[in-house]
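These notes are about the structure you will find just below.
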Amino acid sequence: MAEFSCYLAILVAFGLILIDLAAIPLRLGQLDSTLAQRVHQMTMEDRLSKSRKEIDNNFQLNQTQTSIEGVHIEDANLTILAISRQGDQTISLDPHKPIPSAWLPDGTNCPCTYQLNLKVHAKIDPLAIVPIAGRNVPGLSAPVEFAVDQSSNWENLGRDPYTGQFYINE
Amino acid sequence: MRNKSGSLLLLMLGVLALLLIAVSVYSGFSSVLFVQQKLQEQTENMAMEAVQNFNSGDRGGRMNNVVAACRELVFNSRKVYSIAAGSKQYMVFAPLAQLYLEESRDSALFMGKERDKLVTLSLTEAHKSLKNHVNNYNKNEMLLPWIKVEPVFISDLQAGYVSGTESNVSAPLGNADLLEYDSQQKYLDSKTNLYLGNISARLPEDSDLTFKISCLAPPVQGTASPSRLGSPQEFRPLVTMVKNGEPAVYKSDYLPSAVQVKLATELALKGMISRAEAPVNVSVTGIGNGASPIPLPTLKAETVSPGRR
């Protein structure tokens with residue numbers, strides 16, 4: 001019986017560690033799909049400033065804790081990737097600055113597609129953090145750091161009749 | 001003394017059973033996500049294709065412009081008739097002016113009927129396009145482990161417009177009287193000099209005629225607004241075509257420019273005695289292309305050969 005209890009203890013401990021670690025890929029998957037959905041929703045806004053505000057307000061306010069349990073967002077960075085239709089030219093643009101005229105939908109480098117790219121650095125906790133003699137072991141006694149990247153094509157390529165500006169530049 | 005009843009075997013079987021349950025649960029979640037993603041993609045494609053029918057070949061934009069042109073014609077004919085009938089000097093032209101007025105009114109009535117036909121045609125085509133897509137999609141059964149995907153159906157379908165969008169019809173800047181009247185009636189947006197969308201712009205002495213101008217994104221500086229996916233917050237419904245899976249009798253006064261589609265399906269566990277079902281719904285808003293710029297008439301210069309008089 002003593003021999004058997006030893007095996008049982010090892011098995012239970014191993015199982016617990018596996019369950020603890022299994023939470024990380026599940027949470028990562030959840031974060032990945034949530035971000036994909038958020039970016040896709042942002043690209044469907046009528047103007048870029050709305051998407052930008054969502055990132056500036058929402059992500060900065062909730063930098064330490066997202067709605068997903070055990071996921072801490074450290075940093076969120078939104079960029080616009082303009083790709084010329086032939087695919088020979090690409091530029092990464094800051095959404096807080098106006099788009100250069102050559103890269104606007106009627107610019108010299110266009111027609112092009114615009115991708116909204118959201119890059120997030122996040123720390124993901126295991127199911128339970130187990131202290132190991134004061135040492136930080138990622139996945140057991142400390143969260144694991146990940147960089148998650150999601151992008152989706154910008155939808156509204158029209159112009160605002162009030163300002164004459166392209167919605168992607170507003 | 002060893003216990004020979006085989007407890008370790010039972011333990012291993014228990015662990016194996018737990019592992020199988022864990023894999024099944026994970027597989028179930030993955031399948032739901034996969035179906036949701038696939039349905040989202042399909043619904044987006046379907047919505048985009050359906051919404052093309054509203055302003056295919058700029059027919060909606062041109063119809064708006066023709067309705068506005070008919071309206072201006074009626075307004076001008078009425079004005080000429082009033083001048084002719086009200087003054088002795090031009091009384092002789094009154095019958096001719098009346099004829100023109102009647103003709104312009106007839107053309108306005110005719111255009112109104114054609115406009116209604118176009119609205120019905122656009123809605124029917126959009127609905128038909130969606131139904132065909134759904135039928136084609138259901139032809140290919142999705143095979144997933146332990147899960148049966150029930151046929152997809154249109155749960156809700158609404159046609160409407162985008163909030164804050166005006167019409168593509170420009171203000172009659174060359175017609176001071178009509179411009180003044182329309183400004184007083186608040187048919188116009190003074191900032192953009194465009195007629196507002198989804199209005200019935202009646203005329204004072206011909207109020208029996210309805211000139212319905214639909215909402216449609218105008219071309220701005222020569223750029224037509226391309227069709228796109230939109231957020232549900234900017235969608236405003238005009239007509240419900242399907243509600244809770246049941247087709248509705250639909251009629252719209254205005255030509256829609258956007259569509260909101262909700263597709264639904266159910267996931268059921270295969271081989272279960274009691275049916276465990278999970279509904280999956282996806283809602284998408286598609287916004288049609290805006291009006292094209294009006295092509296200016298090109299006048300060909302008469303070519304005169306040097307030897308010809």
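The values are calculated or read from the model by the stated rules, or taken from the named source; none is laboratory data. This structure is a prediction, so every number in the text was calculated from the model and none was measured. Here Cβ is always computed from backbone atoms with ideal geometry, including for glycine, and neighbour counts include all displayed protein chains. Keep in mind that these areas ignore ligands, DNA and RNA; they rest on the heavy atoms of the full protein, side chains included. Shrake-Rupley method; radii C 1.70, N 1.55, O 1.52, S 1.80 Å.
Can you tell me which residue in region A:9-35 is most open to solvent (accessible area, probe 1.4 Å), limited to those that are within 9 Å of chain B (Cβ to nearest Cβ) and within 21 Å of the chain's Cα centre (by Cα)?
This residue is A:Leu26.
Being within 24 Å of the chain's Cα centre (by Cα) and under 26 Å from B:Glu234 (Cβ atoms): is that true of A:Thr163 here? Explain how you work it out, then say what you get.
On the way: within 24 Å of the chain's Cα centre (by Cα): no; under 26 Å from B:Glu234 (Cβ atoms): yes.
No; evaluated as a whole, the condition is false for this residue.
Can you name every residue in region B:189-234 that is more than 13 Å from chain A (Cβ to nearest Cβ) and open to solvent by 20 Å² or more (accessible area, probe 1.4 Å)?
Residues of region B:189-234 that are more than 13 Å from chain A (Cβ to nearest Cβ), as a first pass: B:198-214.
B:Asn198, B:Ile199, B:Ser200, B:Arg202, B:Pro204, B:Glu205, B:Ser207, B:Asp208, B:Thr210, B:Lys212 - these are the residues of region B:189-234 that are more than 13 Å from chain A (Cβ to nearest Cβ) and open to solvent by 20 Å² or more (accessible area, probe 1.4 Å).
I'm trying to understand the selection: among the residues of region B:83-113, which are in contact (Cβ under 8 Å) with a residue 40 or more places away in the chain and either outside any helix (DSSP H, G or I) or not basic (Lys, Arg) (or both)? Before the answer, list the steps.
Applying the first criterion (in contact (Cβ under 8 Å) with a residue 40 or more places away in the chain) to region B:83-113 yields B:105, B:108-109, B:111-112.
Those that are in contact (Cβ under 8 Å) with a residue 40 or more places away in the chain and either outside any helix (DSSP H, G or I) or not basic (Lys, Arg) (or both): B:Ala108, B:Leu109, B:Met111, B:Gly112.
Please determine, by comparing only the residues of region B:258-292 that are among the charged types (D, E, K, R) and open to solvent by 80 Å² or more (accessible area, probe 1.4 Å), which one is modelled with the highest pLDDT. Before the answer, list the steps.
Restricting attention to region B:258-292, the residues satisfying the condition of being among the charged types (D, E, K, R) are B:262, B:266, B:270, B:275, B:277.
If we keep only those that are open to solvent by 80 Å² or more (accessible area, probe 1.4 Å) as well, we get B:270, B:275, B:277.
Values: B:Lys270: 69, B:Arg275: 62, B:Glu277: 76.
For region B:258-292, the residue satisfying everything is B:Glu277.
Okay, residues lined up against (1) under 18 Å from A:Ile19 (Cβ atoms); (2) within 11 Å of another protein chain (Cβ to nearest Cβ); (3) open to solvent by 30 Å² or more (accessible area, probe 1.4 Å):
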{"residue": "B:Ser7", "(1), (2), (3)": "no, yes, yes"}
{"residue": "B:Leu11", "(1), (2), (3)": "yes, yes, yes"}
{"residue": "B:Gly14", "(1), (2), (3)": "yes, yes, yes"}
{"residue": "B:Tyr26", "(1), (2), (3)": "yes, yes, yes"}
{"residue": "B:Val35", "(1), (2), (3)": "no, no, no"}
{"residue": "B:Ala47", "(1), (2), (3)": "no, no, no"}
{"residue": "B:Ser56", "(1), (2), (3)": "no, no, yes"}
{"residue": "B:Arg62", "(1), (2), (3)": "no, no, yes"}
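Could you look through region B:103-153, keep only residues that are in contact with a Cys (Cβ under 7 Å, 6 or more places away or on another chain) and of a type in the set (A, V, I, L, M, F, W, C), and pick out the one that is least open to solvent (accessible area, probe 1.4 Å)?
Taking the candidates together, the pick is B:Ala108.
Scanning for something of a type in the set (Val, Ile, Thr), surrounded by fewer than 20 Cβ atoms within 10 Å (Cβ to Cβ) and either in contact with a Leu (Cβ under 7 Å, 6 or more places away or on another chain) or outside any strand (DSSP E or B) (or both), does region B:154-163 turn up at least one residue?
Filtering region B:154-163 down to residues of a type in the set (Val, Ile, Thr) leaves B:154, B:162.
The next check asks that each one be surrounded by fewer than 20 Cβ atoms within 10 Å (Cβ to Cβ); those that pass are none.
Looking for residues that are of a type in the set (Val, Ile, Thr), surrounded by fewer than 20 Cβ atoms within 10 Å (Cβ to Cβ) and either in contact with a Leu (Cβ under 7 Å, 6 or more places away or on another chain) or outside any strand (DSSP E or B) (or both), one finds none in region B:154-163, hence no.
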